[in-house]
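Just below is one structure, and these are the notes that go with it.
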Amino acid sequence: MTVPVVTSQISARQPLSRRSLLRSGLTAGVAGALAPLVSACGGFGTSGGGSGKLVFLSTQFNPIEEGQRFREILTKAGVDTQYVPMDTGPFAARLNAELQAGKPTVNVIGGLYGQLAPFAPGRLEDLSDVAARLSGRGYDREVLDLAKFGTDRTYFIPWMQATFILAASKKALEHLPSGADVNKLTYDQLLAWAKAARSANGKPVFGLPAGPKGLLHRFLEGYLYPSFTGGQITTFRSDDAVRMWEYLRELWSVTVRASTNFEFMQEPLASGQVQIAWDHVARLTEAPTNTPDGFVMVPAPSGPKGRGYMPVVAGLAIPKGAPRQDEAKKLIEALSRPDIQVDVLRKNAFFPAVKASIPADLPPGIRLEAGAVTAQQGASDALLSLAPVGMGARDGELDTVFKNAFTRIVLDGEDIRRTLDRQAKELQRLLDEAKAPCWRPDAAVAGQQCKVA
Amino acid sequence: MTAAGTAAPDRAAAPDAGVDRAPLARRRRNRMLVQVACLAITAFMAAPMYLITLAAFSTRESLNAFPKSFAPADVSTETLRSFLGATGVVPSFLNSLVVGLLTLVLSVAIGTPAGYALARHVFAGRDAYQLFLLFTRALPIVVLSVPLARFFITAGLSDTVLAVALLHTALALPTTVLITASIFTAVPRDLEEAALVFGCTRASAFRQVVAPLALPGIAAASLFTFVLSWNEVLGAAVLTLTNRTLPAQVLGSLQWSPLPYRFAGGFALLVPALIFIFVMRRYLLNMWGTTLR
């Protein structure tokens, strides 16, 4: 931008001195800054919309491509909307600031249950009327209960859901232990499989997303703990839990060491560095894109107490006092249409929250996932387990307790019993502060605070 | 003449007869070590840039290959093009540019007089004041973000480029003031006094004598400001919704994006900063030269 100005001045007056160069540079800079200011003080729109459109702030579909695809889907909703994806931190900060200032500009918010919970119920609009109009859509009862936050009103409308499954390269299937059905694995068979695959390859090929932004804590909270102990919080330091951690240590010994760097398992799976992996469905979809026939996706394994699995629920809500609520409700209802929710599945790998028939012509990764997700939910020994409920702002800290236990026991090799006792105290402190009742798979008693046994 | 004539064959015959060559050898070795260190540092800086550029121009298939190759296998601009074509990337680039230049102008306009005052006038509590200036940077923006956003919303400035520029000006001012103060200290007071003797007013002495001498340093300080504004993410992310700067628009999302996008985004963020540094590098040295004196 400054270059043409500089050269023209050089040719006009010689000699080229540092001062003249700087002076022309500064002039051009000032002119450049002022010119667009005069025309538009606000700036250039970056969410594909002008003024007059609804603002839909969300923590989902942050990746550029996903956001782009969701904007396309939004055009079918029939409500003019600009989609603004944001990271969790800025999302909460922005929403807090708007609510405190008493001038919300955001019309609709979308986020995972744990991201909406800090604002509920006091700072979200009551959406019971929308929920009543949508009652015929076939929502999951459990999920609808979540949206009530212990009241009899509904504060968010379930938007979409996801879960975690196992993905494996077909090359790894030949190392399956004899008699094992890959669709009905047990954790012991998974361990034997990972061991056999390691000896065949000369190096480990089982991977876990244990990186800084990986979702390993969900593997502990929603898969290993329920499967081995039948609980998540109450059984945190039980004898079953000790056996579970011993198992995980053994599994880790046949796990790819680079796992502590993995955040999305689709990349190491696609590159072949990892052949068997557990992760969030949306973080596995890309793995089979180039080699659709090279992969299988299967339900998570089962343990002594059942096949623990964790659904991830995202919801739509309206901040308290937001403008244009009628249009916002119309948008929420449109996004709850089965055809739009199937579109989201097709493009962005999040499963419908409403009852919808899953079409056959899905992309390879999503088709594989759909089979595994249905099989996992429908398994006879399925044991549903929720991500922390009612912890409010303490949500992330609870996850940290599980992550710390992993670091200490598995990575640092500390004593299991002692570490669990210490982490259990921390866990109890968080539960005391939040005064939260237990959630599934632990038995929930309304009004009674959850206790680590 | 003759002495030199006889000395030369002497030296050729017996190289170290009577001459201590150790200092020369040491100097040579040191010089070589400096060169090696320079090369190592350059490689340290250049290697990631090279790898980012390489990855940004590769196809998705070659990015997924394992192990990856260090030489360009197949050049493709596909990811980069789809990155630049995504909603909001180009407008946010322009927003970043406007915010950066506005911040630059505002912080120079406010910071330079303050720096001049610090350099030329002795007043009670000057040192404490200089230290105190830095405290504005001691508070992390995470702590400030909610009250800040709330303030801008109440003031009706929320979601504008101007709001972000004001925030960045506030963030940049301490460094601008301190850098310009040291630059003005380096301009001899005698020159200014001489100008006054020869009939300049305080203002014209500043304009005609001090300012030209300090200009390169001020330019370098403003480069600093621009880069700070260009790289700031969190404040910009909280203050804007639909008129975002490039880092606010893409940096938050890049960490969740598939690898090809991270590289394309990294490349897009890297290039403007590199161009800026190349244009200004001479003045950067100038700034360090004066402040270190």
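The values are calculated or read from the model by the stated rules, or taken from the named source; none is laboratory data. These numbers were taken from a predicted model, which means no experiment stands behind them. Note that we place each Cβ from the backbone using ideal geometry, even for glycine, and neighbour counts take in every protein chain shown.
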Next item on the list: Would you check if there is a residue in region A:195-206 being in contact with a strand residue (DSSP E or B) (Cβ under 6 Å, 6 or more places away or on another chain), more than 14 Å from every other protein chain (Cβ to nearest Cβ), of a type outside the set (D, E, K, R) and free of Cβ contacts under 8 Å to residues at least 60 places away in the same chain?
Entry: yes
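Evaluate region A:239-257: report whether one residue or more is within 19 Å of the chain's Cα centre (by Cα) and more than 12 Å from every other protein chain (Cβ to nearest Cβ). Write out each step before concluding.
Kept after step one, since they are within 19 Å of the chain's Cα centre (by Cα), are these residues of region A:239-257: none.
So far as region A:239-257 goes, no, none of its residues is within 19 Å of the chain's Cα centre (by Cα) and more than 12 Å from every other protein chain (Cβ to nearest Cβ).
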Check: What tally of residues in region A:79-136 results from selecting those that are under 25 Å from the mean Cα position of the chain (by Cα) and free of Cβ contacts under 8 Å to residues at least 12 places away in the same chain?
Finding: 5
Next item on the list: Please report, ordered by residue number, the helices (runs of 4 or more DSSP H) entirely within region B:157-242 with at least 3 residues that are free of Cβ contacts under 8 Å to residues at least 40 places away in the same chain.
Entry: B:189-197, B:202-205, B:211-231
Next item on the list: Could you look through region A:78-91, keep only residues that are over 19 Å from B:Thr245 (Cα atoms) and surrounded by 19 or more Cβ atoms within 10 Å (Cβ to Cβ), and pick out the one that is nearest to the other protein chains (Cβ to nearest Cβ)?
Entry: A:Thr81
Margin query: Could you list, ordered by first residue, the pairs with Cβ atoms under 8 Å in which the first is in region A:327-346 and on the phi < 0 side of the Ramachandran plot and the second is part of a helix (DSSP H, G or I) and polar (S, T, N, Q), at least 6 apart or interchain?
Written below: A:Leu335/A:Gln341
Margin query: Looking only at region A:332-366, how many residues end up being assigned to a helix (DSSP H, G or I) and closer than 16 Å to A:Arg137 by Cα?
Written below: 9
Notebook entry, point to check: Among the residues of region B:242-278, which ones are more than 26 Å from B:Leu63 (Cα to Cα) and surrounded by fewer than 21 Cβ atoms within 10 Å (Cβ to Cβ)?
Noted result: B:Ile275, B:Phe276, B:Ile277, B:Phe278
Item checked: Filtered residues of region B:123-140 (kept if under 18 Å from B:Ala237 (Cβ atoms) and crowded, with 17+ Cβ neighbours inside 10 Å) -> none
Next item on the list: Kindly check whether there is at least one residue in region A:33-41 that is at pLDDT below 70, surrounded by 20 or more Cβ atoms within 10 Å (Cβ to Cβ) and in contact with a helix residue (DSSP H, G or I) (Cβ under 9 Å, 6 or more places away or on another chain).
Entry: yes
Note to self: Here is a check on your reading of the model: is A:Ser17 more than 9 Å from chain B (Cβ to nearest Cβ), under 25 Å from B:Leu162 (Cβ atoms) and modelled with pLDDT under 85?
What the structure shows: no
Notebook entry, point to check: Which of (1) out of contact with any Ser or Thr (no Cβ under 8 Å at 6 or more places or on another chain); (2) more than 8 Å from chain B (Cβ to nearest Cβ); (3) at pLDDT 85 or above is the odd one out, the single condition A:Gly50 does not satisfy?
Noted result: (3)
